[in-house]
Amino acid sequence: MSDEVDPADAGAVIQASLASVLRWSTRADNRRSLHDAEGAALTGTDAWLLEYVITAGPIRMSTVAGWMDVDKSTATAEVRRLEEGGLVVRETDPSDRRAVLVSATEEGRTALERHRQAAQEVYNTLVGKWSERDRAELARLLSRFVDEFSWVSDAVSQHNASR
């Protein structure tokens, strides 16, 4: 494959590439290599949610549901699974006894760190033959691409709400 992409074809190349990455990352053997490091059996959703709780916590369940863009019962089920695994705890909010706060346990922090390390090893292996410059450029562009998600998602939501 050529390193050059016709700008007119960029959307098609990105779509096809992301579809391939998604298929690759959802294969059972690849999921295991990304998510089962040293007993840190986190799914992608588990890692995503646990990282948010670590970064934002202690955090109310209602805020978790809003962040996940799901109803509270769905968020509660996801958090309950992490709680059953000893990765988070739920406690009554001392400022409002009706609300529940979620925070990560030390075991949760350790599991997320192991998950990150395993994933980083896999990705470093995948681009291990690339030049340092190319690896850094991919990281920079992927980070920039992800940064665009929030405003694009907001714009799409606003567009759909105006229909």
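Data table
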| item | result |
| --- | --- |
| When residues of the stretch 79-97 are limited to those that are part of a strand (DSSP E or B), more than 24 Å from the chain's Cα centre (by Cα) and not basic (Lys, Arg), the one surrounded by the most Cβ atoms within 10 Å (Cβ to Cβ) | Asp93 |
| Considering residues of the stretch 48-73 that are assigned to a helix (DSSP H, G or I) and in contact (Cβ under 8 Å) with a residue 40 or more places away in the chain only, the residue nearest to Ala99 (Cα to Cα) | Met61 |
| Residue pairs meeting the criteria (Cβ under 7 Å; at least 6 apart or on separate chains; first in contact (Cβ under 8 Å) with a residue 12 or more places away in the chain, in the stretch 117-141; second of a type outside the set (Asp, Glu) and loosely packed, with under 13 Cβ neighbours inside 10 Å) | none |
| Test: residue in the stretch 115-138 that is part of a helix (DSSP H, G or I) and more than 25 Å from Val21 (Cα to Cα) | no |
| Whichever residue in the stretch 11-42 is farther than 16 Å from Leu142 by Cα and modelled with pLDDT of 80 or more and, among such residues, is farthest from the chain's Cα centre (by Cα) | Ala12 |
| When residues of the stretch 1-20 are limited to those that are loosely packed, with under 10 Cβ neighbours inside 10 Å and not hydroxyl-bearing (Ser, Thr, Tyr), the one farthest from Ala118 (Cα to Cα) | Ala8 |
| Which listed residue is among the charged types (D, E, K, R) and surrounded by 13 or more Cβ atoms within 10 Å (Cβ to Cβ), from Glu113, Glu132 | Glu113 |
| Which listed residue, of Ala77, Ala136, Ala104, Ala155, is touching a helix residue (DSSP H, G or I) at 6+ places or on another chain (Cβ under 8 Å) and either among the small types (Gly, Ala, Ser) or farther than 29 Å from Trp24 by Cβ (or both) | Ala104 |
| Test: Ser143 is assigned to a strand (DSSP E or B) and within 20 Å of the chain's Cα centre (by Cα) | no |
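The values are calculated or read from the model by the stated rules, or taken from the named source; none is laboratory data. Bear in mind that the values here come from a model prediction, so they are computed numbers and not experimental data. Positions of Cβ are generated from backbone atoms using ideal geometry, with glycine treated the same way; all protein chains shown enter the neighbour counts.
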